[in-house]
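Asker: Next up is a structure, given as structure tokens.
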Amino acid sequence: MRARTTTVRGDPRAVDEGIEYVRDAVWPMLRGMSGCVGMSMLADRGSGRCIVTAAWATHEAMRASAVAVGELRDRAVDVMRAEQMEVAEWDIAVLHREHPTTDGACTRVVWTQSDPAELERMVDAFRLSLLPRMTDLTGFCSVSLLVDRETGRAATAITYAGREDLVRSRDIGSAMRADFAAAMGLRVTEVAEFELAVAHLRVPEMA
């Protein structure tokens, strides 16, 4: 399974317009494309930073979508009055859903860097040791781990039922993250929190 993320840093006043565009224009087109198995959008209304992730059944399906998705992406940049945009492609290494999400769900994203040669060991340890601890947290809904096997970069998205659950998990999440990073030799490069603005996921369980 593959994923393409598009990170847009737009005008905070245009976030609602961006969400509407992604929900009403981007998703209907994506779901009609061969091999597309889902899409989500994370939004930070304070900064205007949004991340749209499209998931694909195969690398070939993702590549075949490049031109059409590029046109949608350019329009999204205009809608959100963005000054910066970043596109990245990933393998979906882990995906686990404990509970379905509803309105008000929030997501914490953790970006890490590791030695590419140690990435598989990290993924295995994530499944065996970190994932069971996450599922015990109050309000936990789901987690996905995206990896770039060539560079060793990874992005972990942990979704909670609501803002209160996200806030409540900060301290224990920080401690778990620090322990895991130390054990695996990871460097945490960024941690950010978002509203889960759009979620249309048909990706099968990969835990």
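The values are calculated or read from the model by the stated rules, or taken from the named source; none is laboratory data. Just so it is clear, the structure is predicted and the values come from calculations on it, not from any experiment. Note: ideal-geometry Cβ built from the backbone for every residue, glycine included; neighbour counts use all protein chains shown.
Asker: Check Glu98, Glu193, Glu164 and return the single one that is acidic (Asp, Glu), more than 16 Å from the chain's Cα centre (by Cα) and within 30 Å of Pro28 (Cα to Cα).
Answerer: Just one listed residue meets the conditions, Glu98.
Asker: Ok, one more. What strands (runs of 3 or more DSSP E) completely inside the stretch 31-122 contain at least 2 residues that are surrounded by fewer than 16 Cβ atoms within 10 Å (Cβ to Cβ) and hydrophobic (A, V, I, L, M, F, W, C)?
Answerer: Details: elements: 36-44, 49-56, 84-97, 106-113.
Here the list reads 84-97.
Asker: So in the stretch 130-181, with the set limited to residues that are free of Cβ contacts under 8 Å to residues at least 24 places away in the same chain and of a type in the set (Gly, Ala, Ser), which one is farthest from Thr102 (Cα to Cα)?
Answerer: Ala178
Asker: How many of the residues making up the stretch 147-167 are over 16 Å from Arg177 (Cα atoms) and either buried (at least 18 other Cβ atoms within 10 Å of the Cβ) or of a type in the set (Ser, Thr, Tyr) (or both)? Talk me through it step by step, then tell me what you get.
Answerer: Applying the first criterion (over 16 Å from Arg177 (Cα atoms)) to the stretch 147-167 yields 147-152, 160-165.
Then drop every residue that is not either buried (at least 18 other Cβ atoms within 10 Å of the Cβ) or of a type in the set (Ser, Thr, Tyr) (or both), which leaves 147, 151-152, 160-161, 165.
Residues that pass the stated criteria total 6.
Asker: Sticking with this one: Quick check, is Ala105 touching a Leu at 6+ places or on another chain (Cβ under 9 Å), in contact (Cβ under 8 Å) with a residue 12 or more places away in the chain and among the small types (Gly, Ala, Ser)? Walk me through it before giving the result.
Answerer: On the way: touching a Leu at 6+ places or on another chain (Cβ under 9 Å): yes; in contact (Cβ under 8 Å) with a residue 12 or more places away in the chain: yes; among the small types (Gly, Ala, Ser): yes.
Considered against the rule, which asks whether it is touching a Leu at 6+ places or on another chain (Cβ under 9 Å), in contact (Cβ under 8 Å) with a residue 12 or more places away in the chain and among the small types (Gly, Ala, Ser), Ala105 comes out as yes.
Residue-by-condition table, conditions (1) in contact with a helix residue (DSSP H, G or I) (Cβ under 8 Å, 6 or more places away or on another chain); (2) outside the structural domain of Ala178 (by TED's automatic domain parsing); (3) under 20 Å from Arg4 (Cα atoms):
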| position | (1), (2), (3) |
| --- | --- |
| Val109 | no, no, yes |
| Leu119 | no, no, yes |
| Val123 | no, no, yes |
| Arg127 | no, no, no |
| Arg133 | yes, no, no |
| Cys141 | no, no, no |
| Leu145 | yes, no, yes |
| Gly152 | yes, no, yes |
| Thr159 | no, no, yes |
